[in-house]
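Visitor: One structure coming up, written as structure tokens, with questions to follow.
Only the coordinates and a few stated rules stand behind these numbers; no lab work does. These figures come from a predicted structure and were not determined experimentally. Positions of Cβ are backbone-derived with ideal geometry, glycine not excepted, and every protein chain shown enters the neighbour counts.
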Amino acid sequence: MFHLLSTYTTESVTNGHPDKVCDQISDAILDACLAQDPHSRVAVETFGSHGTLMIGGEVTTRAQVDYEAIARQVYTDIGYTEPLDILARVVTQSGDIAMGVDTGGAGDQGIMYGYATDETPEFLPQGVVLAHALARRLEALRTSGTLPYLRPDGKTQVTIRDGKVITALTSTQHAEEAELERIRTDLAEHLFAPVLGDVSDIELLVNPTGRFVAGGFEADAGLTGRKIMVDTYGGLMPHGGGAFSGKDATKVDRSAAYMCRFAAKNLVAAGHAKKALVSVAYAIGRVEPVMVEAYGADGENLSDIVARNFDFRPRAILERLGLTRPQFRETAAYGHFGVAGRSWEELVTLA
């Protein structure tokens with residue numbers, strides 16, 4: 001049995017946040033490998049700090065990939081113009097790991113979770129949906145030119161009490177000449193009101209420090225996989241600890257978490273529970289999961305339904321969700337769940 005708190009806070013970040021820049025570069029490299037070789041195995045980490053970017057990790061692929069060029073393209077696409085020194089150190093995947101994966105086994109041990117709730121059309125908690133919506137709109141206000149003084153780095157946050165937003169916050173990078181009062185007035189009109197509706201009873205916080213000119217790698221370090229709660233359920237549900245970006249789908253940290261979400265969403269959509277939590281565990285190199293369990297918020301045991309309808313063997317997940325094609329850079333910002341068109345968000349008929 002599990003319950004959401006009556007008061008909780010969730011956050012999101014823009015695609016220009018340093019950690020998310022790294023996630024997008026790692027996933028763009030994954031996509032480039034899969035585009036040439038769908039059987040590519042990729043585990044790529046990116047670290048950026050103060051004008052320098054390092055790409056490291058392991059791949060097994062027939063693809064010919066220019067890591068530096070991909071990183072520069074992503075960096076530019078996001079909207080950054082600062083110079084960047086790039087160092088790439090990517091080697092072939094360990095043969096010890098490959099022995100288990102070659103036979104269809106899991107690429108690592110670990111626990112993964114998936115969650116769904118009927119409280120929003122996205123089957124996600126209200127706060128998660130709103131935090132991402134604010135972050136997406138903050139980016140759109142910048143890239144559309146509506147608020148030309150905005151810069152790529154930014155964060156959003158909402159606090160919910162008994163189903164109502166009581167506080168909404170954004171910290172957004174801005175041009176030197178932009179004054180705080182103007183930013184606050186503009187964002188109240190163009191960001192908060194369009195997403196939240198009537199904001200008269202909501203505490204709105206904008207750039208609480210008073211200034212946010214230096215951003216991105218000029219102000220802070222970024223690292224692949226450091227926003228795992230933003231990527232999933234906002235910290236409101238358990239997380240096994242494994243990040244997603246830069247990993248191909250033989251890595252169950254990613255693929256099994258997608259499958260858990262797929263199962264949980266369909267359990268709720270089919271009316272088996274108003275909220276559902278699905279968990280799975282693996283041993284590295286082993287084909288069959290160590291366990292698969294599913295429960296509703298009121299204690300309903302849904303494990304048998306999951307066992308009848310969802311195959312959690314790693315190779316079966318790849319096939320059912322179509323995870324060997326390039327599609328992952330787009331998932332690397334604003335959450336991996338609740339977005340239409342992704343295979344793990346599809347609704348199916350359960351037996």
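Visitor: Considering each residue of the range 289-302, count those that are more than 23 Å from Leu347 (Cα to Cα) and surrounded by 15 or more Cβ atoms within 10 Å (Cβ to Cβ), and give that number.
Guide: 1
Visitor: Residue under question is Ile70, and the condition is that it be part of a helix (DSSP H, G or I) and farther than 30 Å from Leu302 by Cβ; does it hold? Show your work before the answer.
Guide: Details: part of a helix (DSSP H, G or I): yes; farther than 30 Å from Leu302 by Cβ: yes.
The answer is yes for Ile70.
Visitor: How many residues, within the range 14-44, are outside any helix (DSSP H, G or I) and either among the small types (Gly, Ala, Ser) or surrounded by fewer than 22 Cβ atoms within 10 Å (Cβ to Cβ) (or both)?
Guide: Taking the range 14-44 first, the residues outside any helix (DSSP H, G or I) are 14-17, 37-44.
After this cut, where a residue has to be either among the small types (Gly, Ala, Ser) or surrounded by fewer than 22 Cβ atoms within 10 Å (Cβ to Cβ) (or both) as well, the list is 16, 37-40, 43.
Residues that pass the stated criteria total 6.
Visitor: Can you confirm whether Ala276 is out of contact with any Lys or Arg (no Cβ under 7 Å at 6 or more places or on another chain), within 14 Å of Asn309 (Cβ to Cβ) and not in a helix (DSSP H, G or I)? Let's see the steps before the verdict.
Guide: Numbers: out of contact with any Lys or Arg (no Cβ under 7 Å at 6 or more places or on another chain): yes; within 14 Å of Asn309 (Cβ to Cβ): yes; not in a helix (DSSP H, G or I): yes.
Yes; evaluated as a whole, the condition is true for this residue.
Visitor: Out of all the residues in the range 297-349, which are part of a helix (DSSP H, G or I), within 16 Å of the chain's Cα centre (by Cα) and not polar (S, T, N, Q)? Step through it out loud before you land on a result.
Guide: Residues of the range 297-349 that are part of a helix (DSSP H, G or I), as a first pass: 303-309, 314-321, 329-332, 343-345.
Cutting the leftovers down to within 16 Å of the chain's Cα centre (by Cα) gives us 329-332, 343-345.
Correct list: Arg329, Glu330, Ala332, Trp344, Glu345.
Visitor: Scanning the range 69-82 for residues that are exposed (fewer than 15 other Cβ atoms within 10 Å of the Cβ) and free of Cβ contacts under 8 Å to residues at least 40 places away in the same chain, which turns out farthest from Ala175 (Cα to Cα)?
Guide: Residues of the range 69-82 exposed (fewer than 15 other Cβ atoms within 10 Å of the Cβ): 69, 73, 76-77, 81-82.
Still in the list and also free of Cβ contacts under 8 Å to residues at least 40 places away in the same chain: 69, 76-77, 81.
On the way: Ala69: 27, Thr76: 18, Asp77: 19, Thr81: 13 Å.
Among those residues, the one meeting the criterion is Ala69.
Visitor: Separate question: Restricting to the range 303-348, and then to whatever is at negative phi and among the hydroxyl-bearing types (Ser, Thr, Tyr), can you tell me which residue is surrounded by the most Cβ atoms within 10 Å (Cβ to Cβ)?
Guide: So, considering only residues that are at negative phi and among the hydroxyl-bearing types (Ser, Thr, Tyr), the one surrounded by the most Cβ atoms within 10 Å (Cβ to Cβ) is Thr331.
Visitor: Here is a further query. When only residues in the range 111-162 that are outside any helix (DSSP H, G or I) and among the acidic types (Asp, Glu) count, which is nearest to Ala264 (Cα to Cα)? Can you show your working first?
Guide: Filtering the range 111-162 down to residues outside any helix (DSSP H, G or I) leaves 111-125, 144-162.
From the residues that got through so far, the ones that are among the acidic types (Asp, Glu) too are 118-119, 122, 153, 162.
Details: Asp118: 11, Glu119: 14, Glu122: 12, Asp153: 33, Asp162: 23 Å.
The residue in question is Asp118.
Visitor: Okay, moving on. Condition check: within 24 Å of Gln327 (Cβ to Cβ), out of contact with any helix residue (DSSP H, G or I) (no Cβ under 7 Å at 6 or more places or on another chain) and surrounded by fewer than 19 Cβ atoms within 10 Å (Cβ to Cβ). Does Ala257 satisfy that?
Guide: Working: within 24 Å of Gln327 (Cβ to Cβ): yes; out of contact with any helix residue (DSSP H, G or I) (no Cβ under 7 Å at 6 or more places or on another chain): yes; surrounded by fewer than 19 Cβ atoms within 10 Å (Cβ to Cβ): no.
So Ala257 does not fit the description; no.
Visitor: All but one of (1) surrounded by fewer than 22 Cβ atoms within 10 Å (Cβ to Cβ); (2) in contact with a Pro (Cβ under 7 Å, 6 or more places away or on another chain) hold for Gly216; which doesn't?
Guide: Gly216 satisfies all of (1) surrounded by fewer than 22 Cβ atoms within 10 Å (Cβ to Cβ); (2) in contact with a Pro (Cβ under 7 Å, 6 or more places away or on another chain) except (1).
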